[in-house]
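Below is one structure; the comments refer to it alone.
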Amino acid sequence: GSVVASYPYDDSPMHRLTGVYSKSADDEVFKYLAKAYASHHPIMRTGKPNCPGEEGETFPDGITNGAQWYDVEGGMQDYNYVWANCFEITLELSCCKYPPTSELPKEWENNRESLLAFIEKV
């Protein structure tokens, strides 16, 4: 897990594990939507999720192109964009994949304004 808004493409022609910006035809729209979410999230907007084991990982503006972060061949985000014209971003909301129940109210507070801003853009 991490705390970042990721946008297409997740796959790249070279299929390198990381570091290849895979630009879609709607790259600016995807960046706009990802920033709309990330800019309202108190951790995501810093671009420094500080996840255990990945303390040095950074994401400018709290967003990333999927393939630049890590290549995912055959992912749903790309499939839905290419075959169904569905504009999806992937939201990584926590360093922990399964946060304890006690942390859920805090996660809601961290994401509430981001969700409202994103809905307004959509």
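Computed quantities for the displayed model
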{"item": "Selection from the stretch 66-115 of residues that are among the β-branched types (Val, Ile, Thr) and part of a helix (DSSP H, G or I)", "result": "Val82, Thr101"}
{"item": "Breaking point among (1) open to solvent by 80 Å² or more (accessible area, probe 1.4 Å); (2) under 16 Å from the mean Cα position of the chain (by Cα); (3) under 18 Å from Glu28 (Cα atoms), for Glu120", "result": "(2)"}
{"item": "Condition check for Met44: aliphatic (A, V, I, L, M) and out of contact with any helix residue (DSSP H, G or I) (no Cβ under 9 Å at 6 or more places or on another chain)", "result": "no"}
{"item": "From Gly66, Gly19, Gly53, Gly75, residue being out of contact with any Cys (no Cβ under 6 Å at 6 or more places or on another chain), on the phi > 0 side of the Ramachandran plot, in contact (Cβ under 8 Å) with a residue 40 or more places away in the chain and open to solvent by less than 90 Å² (accessible area, probe 1.4 Å)", "result": "Gly19"}
{"item": "Any hit, the stretch 84-96, residues being at pLDDT 95 or above, of a type in the set (Asp, Glu), in contact with a Pro (Cβ under 7 Å, 6 or more places away or on another chain) and within 25 Å of His15 (Cβ to Cβ)", "result": "no"}
{"item": "Members of the stretch 22-50 that are acidic (Asp, Glu) and open to solvent by less than 80 Å² (accessible area, probe 1.4 Å)", "result": "Asp26, Asp27"}
{"item": "Among (1) closer than 18 Å to Leu115 by Cβ; (2) small (Gly, Ala, Ser); (3) more than 15 Å from the chain's Cα centre (by Cα), the one test that Gly56 misses", "result": "(1)"}
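The values are calculated or read from the model by the stated rules, or taken from the named source; none is laboratory data. Values in this document were obtained by computation on a predicted structure and should not be read as measured data. FYI the Cβ positions are ideal-geometry reconstructions off the backbone, even for glycines, and counts take in every protein chain you see. With ligands, DNA and RNA removed, areas are computed over all heavy atoms of the protein, side chains included. Shrake-Rupley method; radii C 1.70, N 1.55, O 1.52, S 1.80 Å.
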